Each structure stands twice: as C-alpha cells, then as structure tokens.
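Novice: Dropping the structure in here first, questions after.
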Amino acid sequence: MPETILELQNLKTHFPIYKGVLLRREIGKVKAVDGVSLKIKQGEVLGLVGESGCGKSTLARTVMQLVHTTEGTVELEGRNLTTSSPSEMLEIRRDLQMIFQDPYASLNPRSTVFATLAEPLLVHKVCTKKEVHARVGELMETVGLAPRFMQKYPHEFSGGQRQRIAIARALALRPKVVLADEPVSALDVSIQAQILNLLAELVKKMGLSLIFIAHDLSVVKHISDRVAVMYLGKIVELGTAEQVIENPVHPYTKALVSAIPTANPDEERDRQRIVLPGDPPSPINPPSGCSFHPRCPHATDQCSITVPVLETFAEREVSCIRKAEI
Amino acid sequence: MSLLSVQDLRTYFHTRNGIYRAVDGVSFELNAGETLGIVGESGSGKSVTCYSLMGLIPSPPGRIESGKAMFDGVDLLNCTPKQARSIRGKRINMIFQDPMTSLNPYMRISDQLIEPLMIHEDITKADALKQALEMLDAVGINDASSRIHYYPHEFSGGMRQRVMIAMALITKPELLIADEPTTALDVTVQAQILELIKKMQKEIGMGVIFITHDLGVVSGLCDRVQVMYGGRIVETADTRSLFYEPKHPYTRALQKSIPSMQPKGTELYTIEGLPPDLSKPLPGCSFAPRCEFANEGCTSDRKPELQDVNETHRQSCLRVQSGEL
Ligand SMILES: Nc1ncnc2c1ncn2[C@@H]1O[C@H](COP(=O)(O)OP(=O)(O)OP(=O)(O)O)[C@@H](O)[C@H]1O
Ligand SMILES: Nc1ncnc2c1ncn2[C@@H]1O[C@H](COP(=O)(O)OP(=O)(O)OP(=O)(O)O)[C@@H](O)[C@H]1O
Ligand SMILES: [Mg+2]
Ligand SMILES: [Mg+2]
C-alpha cells in the first residue's frame, strides 16, 4: 500500500471583502475554500475540477502556503506546513512545487529561459555550475522545447511555449508533489498529449504525486486516478475517475459532464446539455443548506435547510441528501 | 462582400538570433456573422496573425513585411493613426490569450471596463457603468455590483478571462478576435460564453475569429476552420469536412492526439519531433520532418501552396495534391 504523502484536514481559506471606494470597510468574507479534507498517496494523480471561481486555485495556493490559511492543516510527509517557519518552508518547497494557471505572470520577464531554469538547480545545489547548461538543455527537451531557445526571454515565446517553461521549472528539482493549476489548457492537443504523457511517466517512474486542476474533463479522466469535484469551496463528489466522470451521482457533476464539448460537429449540433438555471451562486452569501440547491433540478425544500456532508455512496463519496433517490 | 480580407500577411521578428518568420504568407476572408476557427500548433503564428491585424506587433523586433488586411475599405496594415483609432477598440475588438498581462493590475475593473465606452462614445460615466454592470452580468459574474470595484488580482483566473470578454463585447464590435478566450473556464461557463457570443452574432452580425486548442469548441461554434503550422495555413475547410474528411497529415495527426478519442491508461498519440525553427526556413513543406508520409518530393524547393479539394475545402500537402495520399 503506497503511503499518504499529502493530507489536508478541514482546510479553510477566507478572504475579507470590503465595500466603498474611499472608506473601505469589511462587509463579509469570500469563503474561497471552506472545509476541504483530502489525502493524496504517493504516486497518485488527483484531478480537481469545478466551476470557475469555486476555489481550486486558492486551494492549491493554500497548500503551497502562498495565502494565509484561515483554519485547518496541510501535512506533507507528516510535516505540518501551516506552522512551518519560512526557512522550513524553503526546504519543503523542494518537495512541493506548483505550476501556475497564469504562466505570463509567474515567469520573470527579465530572465532568459536558461536563468529561470538554472536558478533552482543552483540554489538547491542539484548540480554544479559546469553541469547546469546540460541539465537545463535536458529539462527543456523533456517538455518539448528546443534547447536552442535557451537565451530567449519569455515575451519572445508563444503562450504554449511559455507554459512549457513554467512546467520545466516546476519539475527541475524533481519534487515529490506537484500542484498543477491548468497546466495544459493553453497547449495545442499534440503538445498537451506530450505533457500528459510526460507527467504520467514521472508519476510512474519517480512516484510523483500530482494534483491536477483542469476544466477539460476528458483530459482529467485520462490522467487521474481519482477525481474531486468542487462547488463553492467544498468537495461535493470524490471517487475514481471512471466512477465520477462516467457515472456521476451529484447533480452538479452530472451537469458538468453533460456540458463536455465533443470533437464531433454532428453530435455538437444535436446534443442535450443539462443547462443549469440561474447564475453561479455568490461565495459571499452562499445559499442556505446545500449551496447547489438554487440551481439543482432535483432540489426539494429540505435541500435549502440541511447542509449535506460527504458520505460514502455507490463506491465514492458524495454530498447530496437526495443521492439515493435521484 | 467580406467583412475582412487578409492577403499574403507576413510578420517577421528580427532578433539577434536571426529572423523568425512567425507568419509567412497567410491569406483568408471572413464574412459578417461568420465564425472562423483557427487551430494549430503552439507557436505556429495564430496570435501573431491577430496581433498584426490589431496593430500590436512590438516593433522592433517585429515587422509586417507584406500583406493587406481590408476592413470596410480600410487597409488595417497601412492606415493613418486616426483611421486606426476609429476602428480598433470599437469596431474591431480582441480578447487576449493572457488576461493578467492585458488587464491593468492597478486599475479597478470598473474603470477598465468603461474606458472604451468613455473614449469612443458620447456617454456619461453613470450610463457607462450601467452598461458595464450589464455586461459583467451577461458573462456570468455574480455580485457584479460589488465586485465591479475589485482589482484584477481579487478575481479568479476564469473571472478575469470573463472580464476581458466583457471588455471586448461592450462596444458591440463588428469583428471580434478571440484568442483562446475560454481556456480558463469550466465547461458550463464556457457553454454560457459561447452562447453569448452566438447571440451577439445574431443581433449585430458580428464576425468572429476564434483561436482555440479545443477541437470540441471548434466543432460546436465555428462555421469554418483553418489549421496553421509553421506560420502558414495548411488546411482550411467548413467545420464538418475538416472533422470528417481531414486531408493534410498535420490535421489528421492533430485529431489523433485528442485524449477523449484514446483509451485511458495508454500513452497518448503525439507528433514526433520538435516544432520547426522559424528562423531557418526549410525548403519545401515545413511539416515534412515530422510527417509520417513525407518523401523526397516534400523537401524539394517547391513551397506547398493551398489548393482546392472542393469549393469549401483547401489544403497544402503536396502528396495529397498529387493524389498519392
Ligand atoms: N516578440 C517576439 N520576439 C521574437 N519572437 C516572437 C515574438 N513574439 C512571438 N514570437 C515568435 O513567433 C512565433 C509565433 O507565435 P504566436 O504567439 O503567434 O504563436 P501561437 O500560434 O499563438 O501559439 P500558442 O498556441 O502557443 O499561443 C513563436 O514561435 C514565437 O516564438
Ligand atoms: N486575493 C483575493 N482576494 C479576494 N478574493 C479572492 C482572492 N483570490 C481569490 N478570491 C476569490 O476566491 C474565489 C475562488 O477563487 P479561485 O481563484 O480559487 O477560483 P478557481 O476555482 O481557481 O477558478 P478558475 O477556474 O476561474 O481559475 C473567487 O470568488 C475569487 O474572487
Ligand atoms: Mg483558478
Ligand atoms: Mg497564441
């Protein structure tokens, strides 16, 4: 049995919100992450999906300790990150890396690719100054970038090429856990396939654990062992990729799966989507009871009262009080 | 009459490492109300094509070497600054691939949204704000009235992308250029945005150029698709033909790489080799070094040109043209 490498317990991240332009006063909180518990095993890939704004990136940034944790704990191999000192964090970062959603913002515009990739290798003394050129070249090839681009600056690359630099940087130190926030959304399908194969290989060969955030459910299904579906800061369904994507139980997951576009024009024309009524809810004033109930086709009065919890059902965990009836 | 007609566009970057032929002879037309999809390899010149139309090529090192882009009688590549100002930002708008670098981090969303209206229209600030709120609602941002005063970093990735979309649609442009506008959006919000674009298309006859990697989105939205490789268009067709009868080996390889078409757990199909070095143009077909069907003829001096397969379908593979494939 592979061991649990990363464990999140009742993790919460709330952002205060302010009103007024001149006199900013706090009027409430955005509960971006609101009580998430998860265990990731060594060598496991967990796909994380959910509506835009439901808190996926915030969850990843909280695990990385880039934002302040409101409540709960993050443990990496037994070390509690929420109470680690900055110097301990520096050491931990070597094992825990993140690929950011926005590669434009996360790459230093004044550093060449070489400088960007050499820095972590030299800081953490992974190789000597002499070897570093060759190592950077190797890294670039791994992500499908020609080493001849080494002296170029980020603005000289296309969107997809920049994303690959960001991926190479995250992999440079051979971390144990990688949090990948939409790592392939900006890539064409062929390079996307290359990166997915690469990540799958690293998982297999080096026992890398991966939290993979994406919107493309066919990609998520392909790479993930388990999938967690988030809605408004909480996990609403968690199970193996096949169960969750092919046989969803939670009404939100069902709607999500029905909206997957297919690369087939005839099917696209005639398809039946489950159209969710109403707007995505406000994370500032979340609905009472089940936060999905105002948009749920199966909601009853009870759903606006009872707060559902994740429970085992049909070989997965799901939080819906009507799961057995629908 | 076409809304936009691009002829032989060439945009090169003159860098210390050589001349990068990012766009190397691209021609296409777009009608009012039509949606043209552009797909293709990362780095193949999709964004640079659109930046050229928007007058956004950084110069130096970039230079538009040749070409024409006619929009309502005006050549976008050769017009006066005054003509450009009256068209770009109002009649032609672009949604950029990278929301964070194209939103100003120091300006509230509200001010950024109303800016184009305040510049191009005779409108009061209160009215502009009202329109901005409606647009934010339309792109599915809840609590718009309080969030409109946020700064970009307080929004999620997908929300920023939707702000960009709202900014581009707020002036009701005749031509919308959308560079991967929905990559950061989940499928339900994506569906909502695509519906919004279709609706505005019907209402105001907007023409749309839609760049995306998601062939699923292409198949649901676009009337026509063109495929780019190494700075050139290698295939262009109506959407159905492109999906059901792709001709060019690159298009076929692209289609084979889609994950949902392959069994789980297997290694995904990928195209061997690295993208072409745009600073060292090869003789013949630029896809030849990676093409499983290439033979000597493909790397001879003859540059492949688009040829008709039928009325709505053109492609540039020499071996397909000679009937060998
Ligand atoms: N400022 C620049 N200086 C030098 N080269 C550049 C510059 N901007 C773009 N390029 C080059 O032009 C080529 C085309 O880039 P472009 O951004 O159009 O690609 P793309 O097709 O949009 O790719 P993606 O799908 O990854 O966004 C790339 O190879 C890129 O390296
Ligand atoms: N620094 C911040 N200050 C205030 N609110 C924030 C901040 N960062 C994020 N939020 C809010 O937290 C919520 C969750 O944002 P997050 O970026 O985690 O979403 P996401 O699931 O990654 O969405 P997407 O798919 O669009 O990237 C959003 O409502 C967002 O507005
Ligand atoms: Mg995000
Ligand atoms: Mg691009």
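Novice: Per the Kirkwood treatment, what hydrodynamic radius in Å, one decimal, follows for chain A from the mean inverse distance over all distinct Cα pairs?
Specialist: The Cα-based Kirkwood calculation yields 21.2 Å.
Novice: Counting only helical runs of four or more DSSP H residues, what would the 222 nm mean residue ellipticity of the protein assembly as shown come to if each run contributes -39,500 (n - 2.57) and the total is spread over all its residues?
Specialist: -9000 deg cm²/dmol
Novice: If you place +1 on the Cβ of every Lys and Arg, -1 on the Cβ of every Asp and Glu, and leave all else neutral, what size is the dipole of the range A:109-172 about its Cα centre, to the nearest 20 Debye?
Specialist: With Lys and Arg at +1 and Asp and Glu at -1, about 120 debye.
Novice: Trypsin sites (Lys or Arg not before Pro) within the range B:222-325: which are DSSP loop residues with at most 12 other Cβ atoms inside 10 Å?
Specialist: Taking the range B:222-325 and a limit of 12 other Cβ atoms within 10 Å, the loop trypsin sites (Lys or Arg not before Pro) found are B:ARG302.
Novice: For B:177-188, what's the mean count of beta carbons from other chains sitting within 10 Å of each residue's beta carbon?
Specialist: Mean partner shielding for this stretch: 6.
Novice: Let me ask another. Relative contact order for chain B: what percent, with Cα pairs under 8 Å and sequence separation of 6 or more?
Specialist: 20 percent
Novice: While we're on this one: Tell me the Rg and the Dmax, in Å, that the Cα atoms of the range B:102-142 produce.
Specialist: Rg, Dmax (Cα atoms, Å): 10.4, 28.
Novice: May I ask you to evaluate 6.51 cos²θ - 1.76 cosθ + 1.60, the Karplus curve with θ = phi - 60°, for each residue of the range B:165-178 and list the ³J(HN,Hα) values in order in whole Hz, giving x for glycine and proline?
Specialist: 5, 4, 4, 6, 8, 5, 8, 6, x, 7, 10, 10, 10, 10
Novice: Taking R0 as 56 Å, what FRET efficiency do you get between B:ASP277 and A:ALA324 from their Cβ-Cβ distance, rounded to the nearest 0.05?
Specialist: That pair, B:ASP277 with A:ALA324, gives E of 0.40.
Novice: Okay, next question. Take the residue pairs A:LYS323/B:LYS199; A:LYS56/A:LYS176; B:LYS130/B:LYS172; A:LYS221/A:LYS254; A:LYS234/B:LYS198; B:LYS82/B:LYS198 and return only those whose Cα atoms are more than 24 Å apart.
Specialist: Check vs 24 Å cut-off fails for A:LYS323/B:LYS199; A:LYS234/B:LYS198; B:LYS82/B:LYS198.
Novice: Output needed for the protein assembly as shown: three equivalent-ellipsoid semi-axes, defined as square roots of 5 times the C-alpha gyration tensor eigenvalues, in descending order, whole Å.
Specialist: After scaling each eigenvalue by five and taking roots: 38, 31, 25 Å.
Novice: Express in nm, to one decimal, how much length is gained between A:MET89 and A:ASN285 on full extension, taking 0.36 nm for each residue of separation and deducting their alpha carbon distance.
Specialist: Difference between extended and current length: 67.1 nm.
Novice: Here's another thing I want to ask about it. Cα centroid distance between the range A:27-105 and the range B:155-184, in Å?
Specialist: That distance is 28 Å.
Novice: Pop a pseudo-label 7 angstrom from the Cα along the beta-carbon direction at both B:THR312 and B:TYR151 and give the gap in nm to one decimal.
Specialist: Here the modelled spin labels are 5.0 nm apart.
Novice: Give the whole-number value, in cubic angstrom per residue, of the convex hull volume spanned by the C-alpha atoms of the range B:105-170.
Specialist: 74 Å³
Novice: Okay, moving on. Between B:ARG63 and B:ALA126, what length in nm is gained on full extension when 0.36 nm per residue of separation is reduced by their alpha carbon distance?
Specialist: Value of the extension gain: 18.6 nm.
Novice: Loop sites only, by DSSP: take the GluC sites (Glu not before Pro) in chain A that have at most 15 other C-beta atoms within 10 Å and name the longest stretch containing none of them.
Specialist: Excluding the exposed sites themselves, the longest stretch runs over A:78-314.
Novice: Go through the range B:83-165 and name the chymotrypsin sites (Phe, Trp or Tyr not before Pro) that are in a DSSP coil and have 16 or fewer other Cβ atoms within 10 Å of their Cβ.
Specialist: Loop-located and lightly packed - B:TYR106.
Where a number appears in this text, it was derived from the coordinates with a stated rule and is not lab data. For clarity, every value in this text was computed on a predicted model and none was experimentally measured. Here Cβ is always computed from backbone atoms with ideal geometry, including for glycine, and neighbour counts include all displayed protein chains.
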